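Worksheet: one structure, shown below.
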Amino acid sequence: MLSCIQAFVWIAGVSSPLPVPDADEGQAMMTWDAPPECPNEHDVRDAVARNLGRPLSAVSQQAVVANANVWRRDDGRWELRLVTKTPAGTRERQLVADRCDVLADATALLLAVAVDPRLAETEHEVVDRTSLAQAPMATTPRAPTTGPAGGPRTLSRSRRVRFGVRSSVGVEGRALPGWGPGVLLDFGVYGKHWRAELATSYWFKRSARLSSDPQVGGDLQLWTGGMRAGPVFTAGPLEIPLRLGLELGVMWGHGIGVLRPRTDRLLWLAVLVGPALAWAPLRWLALWTTADVVLVPGEPPSFELRGIDVVHRAGKIGARFTFGVEVRFP
């Protein structure tokens with residue numbers, strides 16, 4: 001296993017190992033002590049979970065304890081002392097890098113390999129690496145930034161801004177008569193804990209008729225465009241965005257059963273608020289489901305047949321539910 005790990009990080013020889021706390025059997029424990037400008041312990045744990053494909057709390061095969069300390073040296077570079085304790089024994093490593101996030105990446109990889117040694121078998125397939133600057137009396141080592149599906153992934157990559165395109169189908173109620181289907185297209189930009197989107201939707205034609213004469217009424221449809229943004233909470237491959245948005249659009253209404261039918265177009269303005277749930281089994285793919293409350297400020301749009309009666313008036317409060325597939329890049 002040492003030969004595999006040396007492909008990514010420079011491991012300096014040390015004398016006596018530092019003591020680490022004992023873990024209960026079947027559990028994994030980690031402490032991460034680093035300056036504020038470094039990734040925090042939550043970031044490192046998330047990176048370990050991505051490497052393993054499961055959170056540390058789900059580790060049940062063996063007990064693993066890790067104690068990581070990071071500090072800035074006098075020469076401006078960063079140094080890590082990592083102590084890991086497994087049933088096979090206790091090991092201490094020292095790593096040096098120009099950036100603290102590289103050491104965090106290396107820690108996440110080394111801890112993942114300690115939990116699941118099978119990951120070491122895929123390390124030679126890493127295709128994109130972040131260099132560690134040369135340390136005194138050492139060759140230039142490297143740390144991984146990405147790997148094959150299910151293989152190592154790193155903090156430096158996961159913290160970058162990414163983009164997504166999502167296509168969805170949904171149902172909507174109260175804007176148009178009754179409940180009916182629609183299609184949606186969203187363009188998103190997001191980081192680890194936030195997301196912003198531009199969205200467009202089309203809600204298919206639905207009919208409304210006068211209660212006094214079922215042959216008379218109108219056909220209505222709705223097109224919208226808008227934007228949403230909000231925080232995102234993550235738990236492994238699951239993401240929970242909380243979204244607040246504003247949309248503008250046009251509602252069409254065409255008269256039915258009258259002598260001179262006409263088509264009217266009214267402005268649509270609404271505020272959307274609600275949660276979503278996304279599951280990303282792959283780095284480039286996510287499955288989405290959303291639930292939004294639709295709030296119409298002011299007077300809702302209404303259609304009436306001149307001289308007869310109101311055919312439809314949009315509700316001030318409505319709802320939408322969607323299911324979609326998102327492709328993500330880079």
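The values are calculated or read from the model by the stated rules, or taken from the named source; none is laboratory data. Treat the numbers as computed from the prediction; the structure is a model and nothing was measured. Counting neighbours? That spans all protein chains shown, and the Cβs are built from the backbone with ideal geometry, glycine included.
Just a yes or no: is a residue in segment 217-225 of a type in the set (V, I, T) and closer than 20 Å to A291 by Cα? Within segment 217-225, one or more residues are of a type in the set (V, I, T) and closer than 20 Å to A291 by Cα. How many of the residues making up segment 92-120 are of a type in the set (D, E) and either under 23 Å from E37 (Cα atoms) or not assigned by TED's automatic domain parsing to the domain that holds A63 (or both)? Number of matching residues: 3. Note on segment 87-102: residues that are over 28 Å from the mean Cα position of the chain (by Cα) and surrounded by fewer than 21 Cβ atoms within 10 Å (Cβ to Cβ) amount to 8. Taken as a whole, segment 8-15 holds at least one residue that is touching an Asp or Glu at 6+ places or on another chain (Cβ under 7 Å) and at pLDDT below 60.
Pairs linking a residue in segment 176-190 that is more than 28 Å from R313 (Cβ to Cβ) to a residue that is part of a loop (DSSP other than H, G, I, E, B), with Cβ atoms under 7 Å and 6 or more positions apart or on different chains, are V189/V161. Beta carbons closer than 9 Å, at least 6 apart along the sequence or on distinct chains, pair a first residue in segment 198-222 that is surrounded by 15 or more Cβ atoms within 10 Å (Cβ to Cβ) with a second that is of a type in the set (K, R) and modelled with pLDDT under 95 for V216/R209; G217/R209; G218/R209. Being crowded, with 16+ Cβ neighbours inside 10 Å and either in contact with a Lys or Arg (Cβ under 9 Å, 6 or more places away or on another chain) or without any contact (Cβ under 8 Å) to a residue 40 or more places away in the chain (or both) holds for only one residue in T84, T31, and it is T84.
Per the conditions (1) modelled with pLDDT under 95; (2) closer than 15 Å to G318 by Cβ, the sole criterion not satisfied by Q215 is (2). Taking I317 as the residue in question, decide whether it is touching a residue at least 12 places away in the same chain (Cβ under 8 Å), out of contact with any Gly (no Cβ under 8 Å at 6 or more places or on another chain) and closer than 24 Å to L198 by Cα. When the stated conditions are applied, I317 passes them.
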